[in-house]
Each structure stands twice: as C-alpha cells, then as structure tokens.
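Every number here is computed from the coordinates shown, using simple stated rules; none is lab data. All values derive from a computational prediction rather than experimental measurement. No Cβ is skipped: glycine too gets one built from the backbone with ideal geometry, and neighbour counts run over all protein chains shown.
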Ligand code: NAP
C-alpha cells in the first residue's frame, strides 16, 4: 500500500477510522472523509503519525452529489486521484415498518445506498478518465443476507442488501478496466454505531447488553474489534487480493453460519 492513494468515507470513526489508520501504517496516502469534520481531521493527523506520507481530513455528506464531487476534487489535490476507495459511511435507524417515517427510511437509503453509489461513481469517473486500475470496497452487513433478530431493521437491511447486489453488478462492469469492486460484511463490531446507550462503566467492564449478547450468540463469543474488520478491508483494497472481485467477504465471527434453531 506504500504511496497508494486511499479515500475512506465515514473515516472519522469506527471501522472507517481503523481502515484509515491501517492503510497509514502501511505507508498509504489518505483522504479521510466524514460529516464530522473535526473527527476526520483528527484521523488525518493520526494517519500522519502512523506513517502516511500525506493525509487530509475532509467534510463531506456522501448522500449529496456536489459534496462528494468536491471531496474528490480536494482529495485529488491533496494526495492525487484516489485509486483505493472504501465506501463505508453508514447510519442505522430502526423502527417497526408500520411506524417508520418515510423521511427516516429515505435517509437510511440515501446515506447507505445512494452514498455508496455516489462515492463509487465519482471515484470511477476519475479512474476511467486516467485509465487507472483500482480497488473499491463497500461496507455491507449481515442484514443484507439474514434477518436481524433485534427487529425493526427494514430500512437498514434494504440499504445493505442493495450494497451487496451493487458490488456484483459494478464488479462486472469494471473488471475489463482492472478495477475491482467488493464488499466487506462486518459482523457486530465494537464501534459507536453498535454500542449505543451503554454507560462508560458498562463498556469498560464488558457488562453492556450488546457484549452480554455477543458472548452467548456469536460463535466466536465476542464482538469484532474495528481493527479486525480493517485487516480484511486492507486486504481487499490492496493487490494481495488481485483475483477477487464481485465478492462479499464475511467477517462476522461465525454469526451467519449459525442458525438460531436446533433443527
Ligand atoms: P460509526 O462509528 O458510527 O462510523 C460511521 C461514520 O460515518 C461516523 O463518523 C459518521 O459521522 C459518518 N457518517 C454518517 N453519515 C455520513 C454521511 N452522510 N456522510 C459521510 N459520513 C457519514 O459506525 P461504524 O460501525 O464504523 O460503521 C461503518 C460502516 O459499517 C457503516 O456502513 C455500517 O452500516 C457498517 N456496519 C457496522 C457494523 C457494526 O456492528 N458496527 C456491522 C456491519 C456493518 P457522524 O458521527 O457525524 O454521524
């Protein structure tokens, strides 16, 4: 990854942050994109400290066409045209379907699915223009493949099902140009998105509801660390995975392999 130009959306927190820092550690140049501009700038500074020759933090709302386009322009000025792209920004809103506000439902689709489309489109435009190969990784979820036991997950599941289907279609279109498109499917991962509502003490002692559930319900008996998901993403972004395209790489501690039923 040395001197490779990497753009990460949702790079200010959680999985995106871990991927940015793992790429920096391997000597890549980073554009860290997030709606939290301060967090993006902090991660960019940490990336430099971790070994990135260049890094920039940029405010961007991935659901806005002009915002994504501007972020790519600024990223290209700062680090060169990104050729390794992690389309990762996402949100989760849960509600029973009959009570879901259309505005919230659309927002989930706008950020998770349209945001993935816009991030990939702007990246692909620049790669096609410069006839450059590249690697794109999008963040899906087990919700794309199985029902979420917690319920109320229709918008999120629809958005991530869309992302997993999207990478297959995009992979076929761009394989002839040497641009690979894959998804990572993280299981329950210890990030601010997942561990909401727990007190500091509960988090520190592992006594919050989500960790208790993880111990009994996830075959590996725990949540993923963001760095474990990042290791898979860095592999997909790098040439180490040069024969992999159109895939959904599952990193879920065995979650999807397990049926809740005995039969
Ligand atoms: P996270 O810690 O909440 O990080 C997500 C980052 O994306 C936040 O910094 C957030 O900024 C940013 N963001 C939100 N909306 C955005 C937008 N419109 N444009 C640009 N940035 C935006 O969550 P995470 O767990 O790392 O999630 C990353 C991805 O993994 C998401 O796509 C999520 O669906 C997926 N995922 C997570 C898990 C899990 O268990 N954690 C499992 C499977 C899949 P703000 O803080 O300002 O909102």
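Shape verdict for the stretch 105-202, please, from the Cα gyration tensor: rounded (a/c under 1.5), prolate (a/b greater than b/c) or oblate. Prolate, because a/c is 1.5 or more and a/b exceeds b/c.
Computing FRET efficiency as 1/(1 + (r/R0)^6) for residue 177 and residue 95, where r is the C-beta to C-beta distance and R0 is 35 Å, gives about 0.30. Approximating the spin labels as points 7 Å out from Cα along Cα→Cβ, the residue 240-to-residue 65 distance works out to 3.8 nm. Per residue of the chain, the DSSP helices (runs of n ≥ 4 H) give a summed -39500 (n - 2.57) that works out to -13500 deg cm²/dmol at 222 nm. Taking other C-beta atoms within 10 Å as the exposure proxy, 251, 60 rank 251, 60 from fewest upward.
Exposure proxy for 189, 199: other Cβ atoms within 10 Å of each Cβ, ordered fewest to most, give 199, 189. Any idea what angle helix 65-79 forms with the longest principal axis of the chain, computed on alpha-carbon atoms, 0 to 90 degrees, nearest 10? Orientation of helix 65-79: about 60 degrees from the principal axis.
Computed extension length for residue 205-residue 217: 2.4 nm, one decimal, from 0.36 nm per residue of separation with the Cα-Cα distance subtracted. Rounded to the nearest 10 degrees, the inclination of helix 115-129 to the longest alpha-carbon principal axis of the chain is 20 degrees. With a Förster radius of 22 Å applied to the beta-carbon distance between residue 168 and residue 106, the computed FRET efficiency rounds to 0.35.
Spin-label model, residue 258 to residue 36: label points 7 Å out along the Cα-to-beta-carbon direction sit 2.9 nm apart. Could you calculate the contour length gain from residue 148 to residue 129, that is, 0.36 nm times the residue separation minus the distance between their Cα atoms, to one decimal place in nm? Using 0.36 nm per residue and subtracting the Cα-Cα distance, I get 2.8 nm.
Once the gyration tensor of the Cα atoms in the chain is diagonalised, the equivalent ellipsoid follows with semi-axes of 29, 20, 18 Å, ordered largest first.
Taking the Kirkwood radius as Rh and the Cα radius of gyration as Rg, the stretch 148-218 has a ratio of Rg/Rh equal to 1.15. Seen against the Cα atoms of the chain and their longest principal axis, helix 37-50 is set at about 70 degrees. Kindly identify the stretch 7-148 as rounded, prolate or oblate by the Cα gyration tensor criterion: order the square roots of the eigenvalues as a ≥ b ≥ c, call it rounded if a/c is under 1.5, otherwise compare a/b with b/c, prolate if a/b is larger, else oblate. It comes out prolate by the Cα gyration axes.
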